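**Q** To start, I am sharing the structure in question, which I have written as structure tokens.
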Amino acid sequence: MKKIMILSMNIALVISAIFGFGHFFIPYVFRWHDYLQDVPKYIVVSVDWINFFFSLLLLGNSILLINYQAYIRNKNSIALSFYGFLVFTYFCKSIITFVYPWGVHYIADLIEQIASLFEFLLLLLPLIYLLLQGRDTKKATA
């Protein structure tokens with residue numbers, strides 16, 4: 001079970017890093033600026049900055065967590081907190097993709113929803129395992 005959780009964590013963190021890296025290019029791939037022609041320049045700059053810093057934080061946090069996996073597995077409270085926050089981030093992303101989908105195309109929305117849920121579960125399972133690991137499963141007798 002431990003090997004499965006380690007593998008799940010590795011896969012999830014690598015996927016998260018790929019998402020972070022890929023987000024640097026999202027505005028250009030999906031031509032965001034074509035939709036922002038009639039808005040003030042400060043809105044365009046704000047969207048660019050938000051995307052850049054989101055990408056930087058997601059990529060950087062994922063890489064740091066990949067490097068500090070041993071601390072996470074040893075239940076270091078700081079490393080586990082950062083990992084837990086990444087899990088929470090993907091939990092929120094999963095919820096928002098279902099509540100407020102892009103609306104571009106049904107298939108694209110479905111793929112985004114499945115990918116978000118899959119990434120969240122890949123991250124969540126090791127966290128649950130780590131939090132339950134070491135607990136005494138025997139019932140206390142009165």
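Read-outs: derived from the displayed coordinates by stated rules, not from any lab. Quick caveat, the model's predicted, so the values are computed rather than measured. Cβ atoms come from the backbone with ideal geometry, glycine included; neighbour counts cover every protein chain shown.
**Q** Taking the Cα-to-Cβ direction at I114 and at N51 and moving 7 Å from each Cα, how far apart do the two end points lie in nm?
**A** Taking the simple label geometry, I114 and N51 are separated by 2.6 nm.
**Q** Taking the C-alpha atoms of the chain, how large are the radius of gyration and the largest Cα-Cα span, Dmax, in Å?
**A** 18.4, 71
**Q** Also: Quick one: angle between helix 41-67 and the longest Cα principal axis of the chain, in degrees between 0 and 90, rounded to 10, please.
**A** Helix 41-67 and the main axis of the chain meet at about 20 degrees.
**Q** Pairing the Cα long axis of helix 77-99 with the longest principal axis of the chain, what angle in degrees results, from 0 to 90 and rounded to the nearest 10?
**A** Compared with the principal axis, the helix lies near 50 degrees.
**Q** Let me check against my output: what whole-number percent is the relative contact order of region 15-76, with C-alpha pairs under 8 Å and at least 6 apart?
**A** 53
**Q** Out of I11, I72, I107, any idea which swings most in a Gaussian network model of the chain, alpha carbons joined below 10 Å?
**A** Residue with maximal mean-square fluctuation among I11, I72, I107: I107.
**Q** If I build a Gaussian network model for the chain, linking alpha-carbon pairs within less than 10 angstrom, which residue out of Y42, Y71, Y129 has the largest mean-square fluctuation?
**A** Y42
**Q** If I fit a long axis through the Cα atoms of helix 106-132 and take the longest principal axis of the Cα atoms of the chain, what angle between them do I get, 0 to 90°, rounded to 10?
**A** It is inclined by approximately 30 degrees.
**Q** Same structure again: For the chain, with only Lys/Arg (+1) and Asp/Glu (-1) charged at the beta-carbon, what is the dipole magnitude about the Cα centre, in debye rounded to 20?
**A** The calculation lands at about 860 debye.
**Q** Go ahead and run the numbers for FRET between L132 and H33, Cβ-Cβ distance against an R0 of 30 Å, rounding to 0.05. List each step's numbers first, then the result.
**A** Working: r = 47 Å, r/R0 = 1.57.
Efficiency, rounded to the nearest 0.05: 0.05.
**Q** Grab the beta carbon distance between H105 and F25, set R0 = 25 Å, and tell me the FRET efficiency rounded to 0.05.
**A** 0.80
**Q** Turning to a different aspect of this structure: Under the definition of Cα pairs under 8 Å and six or more residues apart, what whole-number percent is the relative contact order of the chain?
**A** On the way: 95 pairs, mean separation 45.9, N = 142.
After rounding, I find 32 percent.
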